[in-house]
Amino acid sequence: MFRFTIRDVLWLTVVVASFAGCGTNKPTPWPTGTVGHSSGGASSGSREVKFSVDGGGGIVMQGGIATINFAKGNVVVEKLRVLLNEKEVATLPENVKVVEMDYTAGKLTITADGMIVHETKLPE
């Protein structure tokens with residue numbers, strides 16, 4: 001009868017996992033096409049900022065300012081305004097609770113409490 005210790009099981013798991021990806025020399029699809037879809041959000045105080053983008057993306061909230069990075073640049077949501085690639089594209093009322101940014105099929109839409117504050121088609 002065989003008896004395996006936890007150490008034996010962990011070692012076997014590492015060995016099997018190390019072979020799982022062997023034999024593939026295919027490059028990742030990221031440089032040539034869309035990486036899928038990313039979404040997320042962050043909040044500061046009473047304001048929430050959400051995003052949904054084609055491809056990779058992420059959000060950083062620092063000092064009440066949210067920065068959303070995506071394939072076509074970045075959107076910065078400040079207390080009273082929204083910037084797209086360092087240019088102001090919208091102003092916000094002070095009491096806005098939710099700001100959402102969506103970038104799908106080349107179209108960027110930014111809403112504040114459900115109302116569109118900026119919409120544009122970004123160049124390919």
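Which residues' amide hydrogens lie under 5 Å from the amide hydrogen of Gly55, considering only partners 5 or more residues apart or on another chain, with H built in the peptide plane?
Under 5 Å from the amide H of Gly55: Val35, Gly36, His37, Ser38.
Counting other beta carbons within 10 Å of each residue's own, what order do Thr120, Thr5 fall into, fewest first?
Listed from fewest to most nearby Cβ atoms, that is Thr5, Thr120.
Which order do Lys79, Lys50 fall in if you start with the one that has the fewest other Cβ atoms within 10 Å?
Ordered from fewest to most neighbouring Cβ atoms within 10 Å, Lys79, Lys50 come out as Lys79, Lys50.
For Lys107 and Glu48, calculate 0.36 nm times their separation in residues minus their Cα-Cα distance, and state this gained length in nm to one decimal. Before the final figure, lay out the partial values.
Values: separation 59, 0.36 × 59 = 21.24 nm, distance 2.18 nm.
Result: 19.1 nm gained on full extension.
Starting from the Cα-Cα distance between Gln62 and Glu88, subtract it from 0.36 nm times their residue separation and give me the gain in nm to one decimal. The partial results should precede the final answer.
Numbers: separation 26, 0.36 × 26 = 9.36 nm, distance 1.88 nm.
Between Gln62 and Glu88, full extension yields 7.5 nm more.
Where does each of His118, His37 land when they are ranked from fewest to most other beta-carbon atoms within 10 angstrom?
His37, His118
Rounded, prolate or oblate: which fits the stretch 37-121, taking a ≥ b ≥ c as square roots of the Cα gyration tensor eigenvalues, rounded meaning a/c under 1.5, else prolate when a/b beats b/c?
Details: a/c = 1.56, a/b = 1.29, b/c = 1.21.
It is prolate, given that a/c is not under 1.5 and a/b is the larger ratio.
At 7 Å along the Cα-to-beta-carbon direction for both Lys121 and Asn95, put a label point, then send me their distance in nm to one decimal.
A separation of 3.7 nm, rounded to one decimal place.
FYI, it's all coordinate maths here, none of it is from the lab. Small disclaimer: the values here were computed from a predicted structure and weren't measured. Glycine also receives a Cβ, built like all others from the backbone with ideal geometry; neighbour counts cover every protein chain displayed.
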